Each structure stands twice: as structure tokens, then as C-alpha cells.
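Below: one structure, written as C-alpha cells.
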Amino acid sequence: MNIWRGQFFSLAVVAAGCLLTGCNQSSPGPNAGGDVIKVGEYGSLTGSEATFGQSTHKGIQQAVDEINAAGGVLGKKIELHTEDDQSQAGQAATVVRKLISSDGVVAMLGEVASSRSLEAAPICQQSGIPMISPSSTNPKVTEVGDYIFRVCFIDPFQGTVMANFATKTLKAHTAAVLTDVKSDYSLGLAKFFKEQFLASGGKIVDEEKYSGGDKDFNAQLTAIKAASPEVVFVPGYYTEAGLIALQARQLGINVPLLGGDGWESPTLIPVGGKALEGDSFSTHFSADNTSPEVQTYLTTYKKRYNETSDAMAPLGYDAMMILADAIKRAGTTDGAKVRDALAATKDFKGVTGNITIDPNRNASKSAVILTITNGAIKYIQTVAP
Ligand code: PHE
């Protein structure tokens, strides 16, 4: 009863306000009329994929500060509301609900891991809150609905890139695949890699599984060793990838391990060490890129955080910049109008490349392949879509 009375009371106040000021037809949202634009961010700031969330947050924060220093958007400052989902299933939905209903954000940035983006996307879609994932690559994420966007490539492309690298650059004929069955990202990337590897005439000699969080991979690696593949594809996240590399070398598996963007982390080499020597993975961005946009971004990032940027930070940066650009073009923070402006994003000059949002709300962009040589990550090639 009390709640009803409260709701009726606020409706009455809004209606009275409309009489006085003349309200916009489109629903104003909880943030309308405020002197800031509230943007939500949900990410893994702690837990097993902590570097994903932390790096992305640094990139987003850098973008917010640059936007605000230049006067903000529609004459208002961006106010970033960040929530930690602790890298845990279930938490992404909880914090995103909170950001929408308590904080009143008008748009959402996140997540990195596809499974967590898939968890939160239906909530954003149903609430009419545009969501941009900086770096979730599983195709299903944007299929959730027309409010869900991303600024990165998707895994059918990434899987093809790594299968071609295996067959064409490394001249491999056989591969084993070790998949994290708890991760939508890993399951999808494994599938797309296999399809292209087979289409190129290669043979998958063994397929093994693990669950994110596992620490002992000896059983799977023993089976892989017995199948003698020429490469092992490990489409997982960095924590497990580092351990898998260590245990593979201990068992005497000396062929290259290959991975995708999930390997991208400042802690990959500290965990895997020498065991990663000669291994390669695909990702979104290389700090070796000499273009002026990338170099300016890297200099600012280095000055601010005193470290070299990985791929997640610039994707976070680009996601925030694209959102600000869309709000500016929409001339409002109204969800449907921002959604339409995002969908119309064309040739946006991002740090991670030129971004055009395609009809499926994905970005078609190049991938880079990096190799671990002498304990450092080296750029080796760029593959255009
Ligand atoms: N693409 C991964 C996923 O969808 C996440 C990721 C992005 C990891 C970028 C590292 C770098 O789950």
C-alpha cells in the first residue's frame, strides 16, 4: 500500500511538473534534468579475471576524464558509476540491476567476458538501456536485442584467424583443442576454430575439456600428448592458459599452444613464464602500432597509470567515446534515441581502429597476432576481416 501511495505521489508530482514546464513526450528516465549524465560500468575488478575489469576500467576512466575536460556531453559532465561483479556468475545481473534501478544510469558499459555480458544484456534490453560491450566476442551477446552493441570483432572471425595461422603460418595439419566448458566464449571460439581448421584440410586429433577455476590439467594434457598434435588450441582465459602452458611443458608437450584474446593479460607471462615461449594468440590491439592515434593514447595512458596498455583498456576507452558520440548525435540521453544513434555509428576513429557498427550491432575490425618470444609479447601480424 505504502509503495503504491508513494508511486502515485511521484507520478502526481511529475504530472504537475509537466503542466508547469511542458514535458518531452519520450520518457525522461530517472536521470533526466540532472546536471550530469550517469553512465554505468560493470566489470570484473576482482576475482579470476581481475585484470580484464581493471584494465577496461582504466581505459573508460581515461575517456571520461578527457570528455569532461573538453566540456562534457550536451553541456553535462559524464558521471561514471562502476560496479564489481567479482568475475562471478550471477553477480553481473545483480550489479547491473542495481546500476539501472538505484543509480539511474542512462547507458551501460561492460562486460569483457562473454558469459557475463550474456547475463546482463537481457536486463539492459528489457530496461531500454543501451549497453556496449567493449570486448565480449561471442556472437550471442548482441543477438540478445537491439539495445546491445559491441565495439570489437566476433569469434567466428577470431577462430578463423587462429585456424589460418595454424595451417598457413605454422603449417600444422593436426590440432588438439582444450576448452573451458563453463565459458560461452571458450565454447564458441573452440567451435569456430575447429570449423575453419577442418575446412582447411586439418585434422582435430583430440578434444579435451576443463572448467574455469580448475588448477590441474594433467589428465587432459596426458591425453593430448598421446594424440601428438602439431598445435594445441586453448581458447580460455589467461589464468588457466598460464597454468596449462606450465603443465604442458612439464609433461613434455613442446608444440606451440595457441589462444585467443582471453590470453591477453599483464599477468599471463608472470604465471606461465618460459613455458609460453613460442606460443601465440590473437587479440584486438598492439602497442607496437605506430599510428598517431595509438601513440597519443599510449603516451597519455603511460603518464597516467605508469604502465603499458593491454588491449582491454583501449577497447573500454573506445566504448566510452562511442557512447559519448552517440549521445551527442542523439541530442538526448533517451534510451531509444541513443540506441538509434549508436546503430548509426560510422567510421568512428577509435584507438582500436575505425569502428562502424554493422546491422547486427557488431564492429568489423582487424585482429592482431602476438607471439611470446624471449619472455616478451611481440607483434607478428595484422589480419583484416
Ligand atoms: N573476448 C573475450 C570474451 O568474450 C574477453 C576478452 C576480451 C578477453 C579482450 C581479453 C581481451 O569473453
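The values are calculated or read from the model by the stated rules, or taken from the named source; none is laboratory data. All values reported here derive from a predicted model rather than from experimental measurement. Heads up, the Cβs are rebuilt from the backbone with ideal geometry, glycines too, and the neighbour counts pull from every protein chain shown. To get the accessible areas, we keep the full protein, side chains included, count just its heavy atoms, and leave off ligands, DNA and RNA. Shrake-Rupley method; radii C 1.70, N 1.55, O 1.52, S 1.80 Å.
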Worksheet item: Cβ under 9 Å from residue 134's Cβ, residue 134 left aside: what net charge do those residues give with Lys, Arg +1 and Asp, Glu -1?
Response: -1
Practice prompt. Would you kindly state how much longer the chain becomes between residue 291 and residue 171 on full extension, computed as 0.36 nm times their sequence separation minus their alpha carbon distance, in nm to one decimal?
Written response: 40.1 nm
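For residue 218 and residue 346, FRET efficiency with R0 = 45 Å and r from the beta-carbon atoms, rounded to 0.05? Write out the running numbers ahead of the final one.
Working: r = 50 Å, r/R0 = 1.12.
That gives a FRET efficiency of 0.35.
Counting only heavy atoms of the protein chains, get the accessible area per residue of the range 155-283 (1.4 Å probe) and round it to a whole Å² value.
37
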Item to complete: Run down the lysines and flag those whose C-alpha is under 28 Å from the C-alpha of residue 225, throwing out any fewer than 8 positions away in its chain.
Response: 168, 171, 182, 191, 194, 203, 209, 215, 274, 378
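Once the Cβ-Cβ distance between residue 376 and residue 209 is put in as r, and R0 is 35 Å, what FRET efficiency do you end up with, to the nearest 0.05?
0.65
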Worksheet item: Stretch residue 305-residue 198 to full length: gain in nm at 0.36 nm per residue minus the Cα-Cα span?
Response: 34.2 nm
Worksheet entry | Sequence-distant lysines (8 or more away, or on other chains) whose Cα lies within less than 16 Å of residue 77 | 38, 328
Worksheet item: Label residue 94 and residue 329 with points 7 Å out from Cα along Cα→Cβ: what is the distance between them in nm?
Response: 3.7
Item to complete: Largest first and in whole Å, give the semi-axes of the range 167-286's equivalent ellipsoid, each being the square root of 5 times a Cα gyration tensor eigenvalue.
Response: 19, 16, 15
Response to the item:
Per the rule of 0.36 nm per residue minus the C-alpha distance, extending residue 143 to residue 191 adds in nm 15.5 nm
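Treat the chain as a sphere of radius equal to its Kirkwood radius over Cα pairs and apply Stokes-Einstein at 4 °C in a medium of 1.567 mPa s; give the translational diffusion coefficient in µm²/s, rounded to a whole number.
Numbers: Rh = 21.6 Å.
Calculated translational D: 60 µm²/s.
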Worksheet item: the range 194-251 to the range 318-385: how many Å between their Cα centroids?
Response: 31
Worksheet entry | Selected from 276, 315, 198 as most flexible by GNM, with the chain as the system and alpha-carbon contacts under 10 Å | 198
Worksheet, complete the sentence: Simple SL model, points at 7 angstrom along Cα→Cβ for residue 102 and residue 254; separation in nm is 5.6
